[in-house]
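Structure first, commentary second.
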Amino acid sequence: MNDASLVTKLLGIQPTHSHNAGEPHGPGGTTTWTNGLWRLESQLPEDQELELHIKSLLEKLLPASDRVRAYLDSDPRLGADFFVGLYIKEVNEMLTLTPETMRGMSELRAKLALDIYLEDASDEPKDQPEAE
């Protein structure tokens, strides 16, 4: 992506974050971004179900789905995804999405990318013994 502001103009939606390939970043701006990015983050509280987060984003993006697909078709290097950092408490936790939500992501030609972390029980605060 050469100019993330084009995506903003095309969609009429302000991103949560955007940058262009080649822009400096990091301490002192000594590193440059390899790729451009246009990101829209859910504004719901983190403890809400994943389904609700995705639906809130789809409400903003689906009205522009024709423009999203046209933009993605304009350059084979472009892609769209719903990236989720998912923290689970148990090894065998289940996650489901409704067909309606999956259809919405598909309309945008977006992948679902799950980065899954098992929360370590040792990271939780331990009860401190009380003084008698």
(request) Give region 1-10 a look and list any residue that's in contact (Cβ under 8 Å) with a residue 40 or more places away in the chain and either β-branched (Val, Ile, Thr) or in a loop (DSSP other than H, G, I, E, B) (or both), or say none. (result) Met1, Val7
(message) Can you pull out every residue in region 91-116 that is more than 15 Å from the chain's Cα centre (by Cα), surrounded by 10 or more Cβ atoms within 10 Å (Cβ to Cβ) and at pLDDT below 95?
(response) Glu93, Leu95
(message) Suppose we filter region 11-37 for residues that are hydroxyl-bearing (Ser, Thr, Tyr), out of contact with any helix residue (DSSP H, G or I) (no Cβ under 6 Å at 6 or more places or on another chain) and within 23 Å of Ala64 (Cα to Cα); how many remain?
(response) 1
(request) Scan Ser42, Ser74 and give me the residue that is among the hydroxyl-bearing types (Ser, Thr, Tyr) and modelled with pLDDT of 95 or more. (result) Ser42
(message) Restricting to region 22-42, and then to whatever is touching a strand residue (DSSP E or B) at 6+ places or on another chain (Cβ under 7 Å) and within 16 Å of Leu72 (Cβ to Cβ), can you tell me which residue is surrounded by the fewest Cβ atoms within 10 Å (Cβ to Cβ)?
(response) Arg39
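Would it be correct to say that Ile88 is more than 15 Å from the chain's Cα centre (by Cα) and β-branched (Val, Ile, Thr)? Step through it out loud before you land on a result.
Working: more than 15 Å from the chain's Cα centre (by Cα): yes; β-branched (Val, Ile, Thr): yes.
For Ile88, the condition - more than 15 Å from the chain's Cα centre (by Cα) and β-branched (Val, Ile, Thr) - is met.
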(request) Go through the residues of region 48-69 one by one and say whether even a single one is at pLDDT below 95, of a type in the set (Ser, Thr, Tyr) and more than 13 Å from the chain's Cα centre (by Cα). (result) no
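The values are calculated or read from the model by the stated rules, or taken from the named source; none is laboratory data. Just so we're clear, the structure is a prediction, and the values are computed from it rather than from any experiment. For neighbour counting, all protein chains shown are included, and Cβ atoms are generated from backbone atoms with ideal geometry for every residue, glycine included.
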